[in-house]
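Student: Here you go, one structure.
The values are calculated or read from the model by the stated rules, or taken from the named source; none is laboratory data. Only a predicted model underlies this, so the values are computations on that prediction, with no experimental measurement involved. Neighbour counts are summed over all protein chains in view; Cβ atoms, including those assigned to glycine, are modelled from backbone coordinates with ideal geometry. Side chains included, ligands, DNA and RNA excluded: accessible areas come from the protein's heavy atoms. Shrake-Rupley method; radii C 1.70, N 1.55, O 1.52, S 1.80 Å.
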Amino acid sequence: MTHTRYAFVKANWHSDIVDRALDGFQELIPVAQIDVYDVPGAFEMPLLARDLAQTGQYAAIACAAFVVDGGIYRHDFVAQSVVDGLMRAGMDSGVPVLSVSLTPHQYQETDHHNAIYRSHFVEKGREAAQAAIGIVRTRLALTQAA
């Protein structure tokens with residue numbers, strides 16, 4: 001069975017920036033095929049991605065977050081844990097789980113930086129949609145060739 005639904009999980013921290021990834025994702029995948037889920041922060045994304053994958057309803061799941069360097073080491077720990085967790089959710093479930101999780105080391109909460117990252121997240125959302133479409137197409141071709 002070929003799934004035509006996609007899940008998009010987004011962290012609420014810096015939602016004014018993170019939500020732009022959904023905008024980019026929706027440029028390539030119709031809104032009617034996307035179920036959107038909000039989580040408090042990046043750290044909660046892998047668990048929800050795993051739960052969504054286990055439903056068997058989604059061709060792929062994209063997860064977006066913005067983990068900023070607040071001057072302490074915590075951002076590195078969070079970013080690595082999130083990426084590892086998303087990869088594990090995909091590997092354990094067999095459903096592609098894509099990361100639009102960015103961890104800039106030079107972010108400052110200024111209008112200039114916010115504009116740069118909003119634009120960047122649109123592009124990254126578009127790239128996630130391209131990746132989702134591509135991996136789903138490739139996996140379908142593999143199963144049809146078998």
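Student: Go through the range 1-13 and count every residue that is open to solvent by 40 Å² or more (accessible area, probe 1.4 Å) and closer than 30 Å to residue 115 by Cα. Steps first, answer last, please.
Tutor: Pass one, the range 1-13, residues open to solvent by 40 Å² or more (accessible area, probe 1.4 Å): 1-5, 12-13.
So of that shortlist, the ones also closer than 30 Å to residue 115 by Cα come out as 12-13.
Qualifying residue count for the region: 2.
Student: Taking the range 121-146, which residues are out of contact with any Pro (no Cβ under 9 Å at 6 or more places or on another chain) and either in contact (Cβ under 8 Å) with a residue 60 or more places away in the chain or aromatic (Phe, Trp, Tyr) (or both)?
Tutor: 121, 122, 123, 124, 125, 126, 127, 128, 129, 130, 133, 140
Student: Kindly indicate whether residue 138 is modelled with pLDDT of 90 or more, over 24 Å from residue 16 (Cβ atoms) and open to solvent by 20 Å² or more (accessible area, probe 1.4 Å).
Tutor: yes
Student: So which of 21, 32 ends up being of a type outside the set (Val, Ile, Thr) and open to solvent by less than 20 Å² (accessible area, probe 1.4 Å)?
Tutor: When all the criteria are applied, what remains is 21.
Student: Filter the range 35-54 down to residues that are assigned to a loop (DSSP other than H, G, I, E, B) and open to solvent by less than 70 Å² (accessible area, probe 1.4 Å), then give me how many there are.
Tutor: 1
Student: Residue by residue through the range 1-34, note down the ones that are of a type outside the set (Lys, Arg) and part of a loop (DSSP other than H, G, I, E, B).
Tutor: 1, 2, 3, 4, 12, 13, 14, 29, 30
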